[in-house]
Amino acid sequence: MEERINICKNCPLYKRVINGAICNNKLWLDPITNKTSLIPQEGYFKGCGCVLDIKWKSPTNHCPVNKW
């Protein structure tokens with residue numbers, strides 16, 4: 001779980017919110033360059049919007065950008 005947390009905290013889709021953190025579903029990310037976009041782009045993946053404190057704990061969950 002620690003590895004997942006560290007990966008997310010260094011991702012441009014990571015967003016702190018009042019009760020923890022989410023994977024920002026208002027942004028699209030190029031997993032190779034880490035560039036973000038507000039609109040869909042070829043090769044970009046959209047953030048899932050999940051509450052990360054919960055998602056990190058489940059071994060069946062995965063990153064929408066395939067970082068873990």
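Details
- Every pair of residues 6+ apart whose Cβ atoms lie under 6 Å, when the first sits in segment 49-68 and is without any contact (Cβ under 8 Å) to a residue 60 or more places away in the chain while the second is in a loop (DSSP other than H, G, I, E, B): GLY49/ASN25; LYS55/ASN61; TRP56/MET1; PRO64/CYS48; VAL65/PRO31
- Residue pairs whose Cβ atoms lie under 8 Å apart, sitting 6 or more positions apart in sequence or on different chains, and linking a residue in segment 18-35 that is aromatic (Phe, Trp, Tyr) to a partner that is open to solvent by 30 Å² or more (accessible area, probe 1.4 Å) and part of a strand (DSSP E or B), are TRP28/THR36; TRP28/PHE45; TRP28/LYS46.
- Within segment 1-44, being surrounded by 15 or more Cβ atoms within 10 Å (Cβ to Cβ) and not in a loop (DSSP other than H, G, I, E, B) holds for ARG4, ILE5, ILE7, CYS8, TYR14, LYS15, ALA21, ILE22, CYS23, TRP28, LEU29, THR36.
The values are calculated or read from the model by the stated rules, or taken from the named source; none is laboratory data. Keep in mind the model is a prediction, meaning the values are calculated, not measured. With ideal geometry, Cβ positions are generated from the backbone for all residues, glycine too; neighbour counts draw on all protein chains shown. Side chains included, ligands, DNA and RNA excluded: accessible areas come from the protein's heavy atoms. Shrake-Rupley method; radii C 1.70, N 1.55, O 1.52, S 1.80 Å.
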